[in-house]
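Single-structure report; data block below.
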Amino acid sequence: MREYHLSKSDIDAVMQRIKDRWPKHISMGMKRPKTLRIIEMDDGSIDDNSILVGDDIILVVKDGIILPFLSMQLLGSLPSVKVDMGAVKHVCNGASVMRPGIVSMDEFEKDSIVAVKDERYGKCIAVGIASVSSDDARSMSKGVIIDNKHYIGDRFWNECKRRGML
């Protein structure tokens with residue numbers, strides 16, 4: 001595991017990737033962090049299995065996608081799906097969110113970043129990428145709706161917990 005600070009140009013590149021991928025109302029409101037530290041979980045590149053830590057921001061990089069960490073306040077601004085309590089255990093073990101487990105959903109497009117919340121408390125338990133749009137998902141009775149990328153208890157969560165960042 002390697003840890004180092006990103007250069008100003010690398011921070012700018014990260015912020016550009018966020019602006020290109022995240023919903024405009026969120027990315028436009030984000031301030032550019034003065035410093036950004038990367039924690040590489042594997043001996044790979046910035047594009048896979050990394051945690052980015054900056055001024056009041058924690059991000060996860062998984063499969064080349066920059067996602068907000070589960071403790072981030074901005075998760076409330078993302079489109080979300082609520083899953084029944086029977087699905088929570090599976091989602092928190094890394095399973096994709098399947099249509100039968102969803103009890104409600106906001107509007108979202110295919111390939112959007114979507115928060116996954118539990119039905120009882122409304123707490124965010126995962127963040128993933130939409131496999132289909134919400135319109136298509138509503139007409140489905142089975143199948144994958146959200147590809148789970150970051151969830152409570154995953155290696156990113158546990159590393160931040162170990163470092164006292166939660």
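The values are calculated or read from the model by the stated rules, or taken from the named source; none is laboratory data. Keep in mind the model is a prediction, meaning the values are calculated, not measured. We place every Cβ from the backbone using ideal geometry, glycine too, and count neighbours over all the protein chains shown.
Give the range 49-68 a look and list any residue that's within 13 Å of Glu3 (Cβ to Cβ) and in contact with a helix residue (DSSP H, G or I) (Cβ under 6 Å, 6 or more places away or on another chain), or say none. Listed by number, the list holds a single entry, Ile51.
Exactly one residue out of Ala95, Ala130 is surrounded by 20 or more Cβ atoms within 10 Å (Cβ to Cβ) and not assigned by TED's automatic domain parsing to the domain that holds Met41: that is Ala130. Checking each residue in the range 8-19 for being touching a helix residue (DSSP H, G or I) at 6+ places or on another chain (Cβ under 9 Å), closer than 15 Å to Gly54 by Cβ and either without any contact (Cβ under 8 Å) to a residue 24 or more places away in the chain or outside the structural domain of Ile65 (by TED's automatic domain parsing) (or both) picks out only Met15. Residues that are modelled with pLDDT of 90 or more and surrounded by 16 or more Cβ atoms within 10 Å (Cβ to Cβ) number at least 2 in the following strands (runs of 3 or more DSSP E) confined to the range 1-74: 36-40, 50-54, 57-62, 65-68. Under the condition of being surrounded by fewer than 19 Cβ atoms within 10 Å (Cβ to Cβ) and not charged (D, E, K, R), which residue from the range 142-151 is nearest to Arg21 (Cα to Cα)? Within the range 142-151, the match that is nearest to Arg21 (Cα to Cα) is Val144. When Gly164, Gly101 are screened for being more than 16 Å from the chain's Cα centre (by Cα), on the phi > 0 side of the Ramachandran plot and not assigned by TED's automatic domain parsing to the domain that holds Val61, only Gly164 passes.
State yes or no: is Ser139 exposed (fewer than 14 other Cβ atoms within 10 Å of the Cβ), over 15 Å from Leu78 (Cβ atoms) and out of contact with any helix residue (DSSP H, G or I) (no Cβ under 8 Å at 6 or more places or on another chain)? The answer is yes for Ser139.
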